[in-house]
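**Student:** This is the structure I want to talk about, given as structure tokens.
The values are calculated or read from the model by the stated rules, or taken from the named source; none is laboratory data. Since this is a predicted model, take the numbers as computed values, not measurements. All Cβ positions, even for glycine, are placed from backbone atoms using ideal geometry, and neighbour counts span all protein chains on display.
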Amino acid sequence: MGLTTPLATGSASTRDGQSPVVEIDDVSLAFETADGVVQALSHVSLSIRQGEFVSLIGPSGCGKTTLLRVIADLETATDGHVAVNGVSPEQARRSRHYGYVFQAPALYPWRTVGRNIALPLEIMGVAKGERAARVKAGLGLVNLDGFENKFPWQLSGGMQQRASIARALSFDPDLLLMDEPFGALDEIVRDKLNAQLLDLWRRTGKTVVFVTHSIPEAVFLSTRIVVMSPRPGRVHDIVDCDLDRGRTLDIRETPAFLAVAHRVREGLRAGHSYVD
Amino acid sequence: MSTEAQPLQTAGRGGRRSPVPSLTVARLVGGHAIPVLVVVGCILALWYAAAVGMNADLQRDAFSNAGTRYTARDFMLGTWSQERPRLPAPHQIAAEIGKTVFGLPATSKRSLLFHARVTLEATLFGFVLGSLFGFVLSLLVVHVPSLDRGMMPWIVASQTVPVVALAPMIVVLLNQVAVTGLLPKAIIAAYLSFFPVTVGMVKGLRSAEPLQHDLLRTYSASTAQTLVKLRLPASRPMLFASLKVGVAASLVGTIVAEVTKSEDGGLGARLLAGSYYGQTIQIWAALLVAAVCGAVLVGLVGAVERGLSARGGGR
């Protein structure tokens, strides 16, 4: 394990990985749509400990994004129990326990990159001088030094998504929720950002929940991979992925990596074999 | 400027070639001037032709009453210089504008500048009132769900009442409660201008994407913060579009009000007096000045918008 100085932040209940950061217990969620009720999640249970990097992987419609949104209190479970840092998702959201990175960068086009990163700080009432310092640190964290006064449209897609990660980290939440953040990027940029994200996770010791539909991405980044299957969305398998945390992109050629990837692929296949 | 450099210059500007004699003309060719001038020329030609046709009856009567013999040329020139033509020729209107705008002191009751000022005062006052009212209404509609369903039909219904019918009633009613002068006209202007602002701003305040709202929700932002940080900035294009419509509607409202309440003057009063005495040239001159006022007002709103977006670094 590369991380030698765990950050002493967050609520006491999450220290030492004793009690889980995210506790999902038998959660179900049904959407009312025009075509009737859609069961998005069915009896999902999952426990995420501090400092873990957990990926949710599955085909579209398996409820992985919905599950992340339930943790973030952007959706409410119809059944079951969810706790984030020992409190309800709503309380966790109100006390700003997590940072959320969306599929699209969702930068506000009328704000510069710097002011986009400062947005959560403005809302949380952080003083101006402190804001400037945190924006600078955030830009450095995602290698965007010098882009503070550019507008989002002047940045490439990869840079925009990096800016959105800096925005999510600007108020230093312990928990980072990421919903296919690199899904819209090309593979080369994606590889680079994956390496940077892994490095960032190692340095900060955050807990990350990461939604993806890419097997290599999930295996490369995660300490655990939750394989989900669709209709109704449920957890099919949970794969431990205890590769060396100092891993680089080269690790993807190793037998250990391929073995995990194989198991994830098998899980995905078994989960919706009727599609073939 | 030398004419020798001219062929190079023309080629450099959009590559349009034309045998132009000077650099100034070359510059006009490069821009939009030529298409605009061609359109204006066509309109003027049609106008003069229409004036001959529209005023032909009057001209024939005039000549036959006087017993003069006339050529086709006399006839045509006659139709363009009548005192009370059905359709005045452009140069007659231009002469009238020249006389009443530049030929008289701006304080004279016969000066179009005086009347334009009276109209613009009520227009701007009404526009400010209407825009503020429209903006407040849009805030209520966006933030109070029951008002969205309960109020929008009334707002829409308010605009289906013809303002020509409503204006005299408002003037009379306000007169009863001793509200006179600028205010009744401004209220009628506001009545027309609040509507586009309300409709536009309701749309504008709702124009932010769901993802941008989700983002603020993850920060647990308050309603006021969502308004200031997201809804208002996102509504800016709609704001200026609806302000442009609003300011034009405000001008229309003021002129309609002035037809009813003509004692204070104004372009509407000029229109009324012109039609009362059959002074078609005067009517057209007032119409044209009103059109110029409208264009200037809309242009000013546009200039404010451009000024703001230059500062905000928008695309």
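**Student:** Test residue B:134 against the criterion of being surrounded by 15 or more Cβ atoms within 10 Å (Cβ to Cβ), modelled with pLDDT of 85 or more and not charged (D, E, K, R), and give yes or no.
**Tutor:** yes
**Student:** Can I ask one more? Quick check on region B:82-89. Is at least one of its residues buried (at least 17 other Cβ atoms within 10 Å of the Cβ), in a helix (DSSP H, G or I) and outside the structural domain of residue B:294 (by TED's automatic domain parsing)?
**Tutor:** No: zero hits.
**Student:** Would you check if residue A:167 is basic (Lys, Arg), away from chain B (no Cβ under 14 Å) and either over 23 Å from residue B:214 (Cα atoms) or crowded, with 17+ Cβ neighbours inside 10 Å (or both)?
**Tutor:** no
**Student:** In addition: Within region A:64-98, how many residues turn out to be of a type in the set (S, T, N, Q) and buried (at least 18 other Cβ atoms within 10 Å of the Cβ)?
**Tutor:** 3
**Student:** Now for a different question. Does residue B:208 count as surrounded by 15 or more Cβ atoms within 10 Å (Cβ to Cβ), at pLDDT 90 or above and not in a helix (DSSP H, G or I)?
**Tutor:** When the stated conditions are applied, residue B:208 passes them.
Rundown of residues vs (1) at positive phi; (2) free of Cβ contacts under 8 Å to residues at least 60 places away in the same chain; (3) not assigned by TED's automatic domain parsing to the domain that holds residue B:253, yes/no style:
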site: B:145; (1), (2), (3): no, yes, no
site: B:154; (1), (2), (3): no, yes, no
site: B:159; (1), (2), (3): no, yes, no
site: B:163; (1), (2), (3): no, no, no
site: B:166; (1), (2), (3): no, yes, no
site: B:178; (1), (2), (3): yes, yes, no
site: B:183; (1), (2), (3): no, yes, no
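**Student:** Taking only region A:153-170 into account, find how many residues are out of contact with any Lys or Arg (no Cβ under 6 Å at 6 or more places or on another chain) and not in a helix (DSSP H, G or I).
**Tutor:** Looking only at that region, the number is 2.
**Student:** Any residue that is touching a strand residue (DSSP E or B) at 6+ places or on another chain (Cβ under 6 Å) and of a type outside the set (A, V, I, L, M) - is there at least one of those in region A:131-153?
**Tutor:** Scanning region A:131-153, I find no residue that is touching a strand residue (DSSP E or B) at 6+ places or on another chain (Cβ under 6 Å) and of a type outside the set (A, V, I, L, M), so the answer is no.
**Student:** Pull up region A:99-158, narrow it to residues that are at the interface with chain B (Cβ under 9 Å from one of its Cβ atoms), among the small types (Gly, Ala, Ser) and surrounded by 19 or more Cβ atoms within 10 Å (Cβ to Cβ), then point me to the one that is nearest to residue A:182 (Cα to Cα).
**Tutor:** Filtering first and then ranking leaves A:106.
**Student:** Taking into account only those residues within region B:212-248 that are assigned to a helix (DSSP H, G or I), in contact with a Pro (Cβ under 8 Å, 6 or more places away or on another chain) and not aliphatic (A, V, I, L, M), which is farthest from the other protein chains (Cβ to nearest Cβ)?
**Tutor:** So the residue we want is B:246.
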